[in-house]
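Scroll down for the structure; my scribbles are underneath it.
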Amino acid sequence: MDSPSDVYTHGHHDSVLRSHRWRTVENSAAYLIPHLRPDARLLDVGCGPGTITVDLAGRLTDGVVLGLDPSATVIEAASAAVPDGLVNVSFVVGDVYALDACDDSYDVVHAHQVLQHLSNPIAALREMRRVCRTHGVVAARDSDYSAMTWFPAVPELDEWLALYLELARGNDAEPDAGRHLRSWALEAGFSRVESSASAWCFAEDPDRSWWADMWADRVIESAFATQAIERGLATEADLARLSAGWRRWATASDGWFAVLHGEVIATP
């Protein structure tokens, strides 16, 4: 069976990748830490620029870590950014629906912010389960866009969220993936599923400015903008107004933005 032709809502503009490059095990995969062994074999699916992957490799001192992503450009950049002396990590272009690995190959299969972008996340989880060892774990963490909340109220951010939900679902993806992870994992056939949740919070001036500037750029420069215009969901003027709303929110000294994530540790 051919893999689905998924459309990545965000694309790979630098406004997207600079968010991805901020991610570490501590801020994006802390729930996984208790399940890591120094000698584990780990597959990081949808690794993007590889900052989490490299961080995991630094923790698995006697293990082997492989980062996989469908974008050759992103994989090339991730490979080039591996710190000197870190020899237990590598990167490869691959397909989460058809992993180039034998059954029972990995102790840990990890996916951060991946399933929300797939048209068939259950099929992806089944493939991740296939390559995971019997006593290993599949770990997934995804945000839940409808659960995002912020202060103060800015009408343009409400419009941004509504547009994002419509655009992502138009790509046959599920932007509220966080709340679905447990259900998807159970349907994928895992024998045990442990669920948790955690959040990113952007409130201090540097954090708030970074988060807002990143989204202000995304809504006018990334694939999000291109897709919204091509599908007639927004005009350039609309997107410019949403971008300005993000920047206005950032100027509020009492501004606060929370991103809720669902998490699962699933045992084959």
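Within the range 176-221, the residues that satisfy the criterion of being of a type outside the set (Asp, Glu), over 26 Å from Arg247 (Cβ atoms), loosely packed, with under 15 Cβ neighbours inside 10 Å and more than 20 Å from the chain's Cα centre (by Cα) are Gly189, Ser191, Arg192. Against the criterion of being open to solvent by less than 60 Å² (accessible area, probe 1.4 Å) and among the small types (Gly, Ala, Ser), Ala30 qualifies. Looking only at the range 122-154, residues that are open to solvent by less than 10 Å² (accessible area, probe 1.4 Å) and part of a strand (DSSP E or B) come to 8 in all.
Here is the figure for the range 235-261: residues that are free of Cβ contacts under 8 Å to residues at least 24 places away in the same chain and open to solvent by less than 10 Å² (accessible area, probe 1.4 Å) total 1.
Annotation: of all residues in the range 1-46 being under 22 Å from Asn171 (Cβ atoms) and hydrophobic (A, V, I, L, M, F, W, C), the one that is modelled with the lowest pLDDT is Met1. Taking the criterion of being out of contact with any Gly (no Cβ under 8 Å at 6 or more places or on another chain) and either closer than 16 Å to Val137 by Cα or in a loop (DSSP other than H, G, I, E, B) (or both), the residues of the range 26-42 that qualify are Ala29, Ala30, Tyr31, Leu32, Ile33, Pro34, His35, Leu36. If you take the residues in the range 90-106 that are among the hydrophobic types (A, V, I, L, M, F, W, C) and part of a loop (DSSP other than H, G, I, E, B), which one is most open to solvent (accessible area, probe 1.4 Å)? So, considering only residues that are among the hydrophobic types (A, V, I, L, M, F, W, C) and part of a loop (DSSP other than H, G, I, E, B), the one most open to solvent (accessible area, probe 1.4 Å) is Cys102.
Listed conditions (1) surrounded by fewer than 23 Cβ atoms within 10 Å (Cβ to Cβ); (2) in contact with a Phe, Trp or Tyr (Cβ under 9 Å, 6 or more places away or on another chain); (3) assigned to a helix (DSSP H, G or I); (4) not hydroxyl-bearing (Ser, Thr, Tyr) are all met by Gly58, apart from (2).
Screening the candidates Leu163, Leu157 for the property of being within 26 Å of Gly245 (Cα to Cα), over 18 Å from the mean Cα position of the chain (by Cα) and open to solvent by 10 Å² or more (accessible area, probe 1.4 Å) yields one hit, Leu163.
Before we move on, is Asp84 part of a loop (DSSP other than H, G, I, E, B), in contact (Cβ under 8 Å) with a residue 12 or more places away in the chain, over 22 Å from Ser198 (Cα atoms) and acidic (Asp, Glu)? Considered against the rule, which asks whether it is part of a loop (DSSP other than H, G, I, E, B), in contact (Cβ under 8 Å) with a residue 12 or more places away in the chain, over 22 Å from Ser198 (Cα atoms) and acidic (Asp, Glu), Asp84 comes out as no. For the range 6-21, the set of residues classified as open to solvent by 20 Å² or more (accessible area, probe 1.4 Å), in contact (Cβ under 8 Å) with a residue 40 or more places away in the chain and not in a helix (DSSP H, G or I) consists of Asp6, Val7, Tyr8, His12, His13, listed by residue number.
The values are calculated or read from the model by the stated rules, or taken from the named source; none is laboratory data. Everything numeric here is computed off the predicted structure, so don't read it as measured data. Every residue, glycine as well, gets a Cβ built from its backbone with ideal geometry; the counts of neighbours run over all protein chains shown. Accessible surface areas use protein heavy atoms only, side chains included; no ligands, DNA or RNA. Shrake-Rupley method; radii C 1.70, N 1.55, O 1.52, S 1.80 Å.
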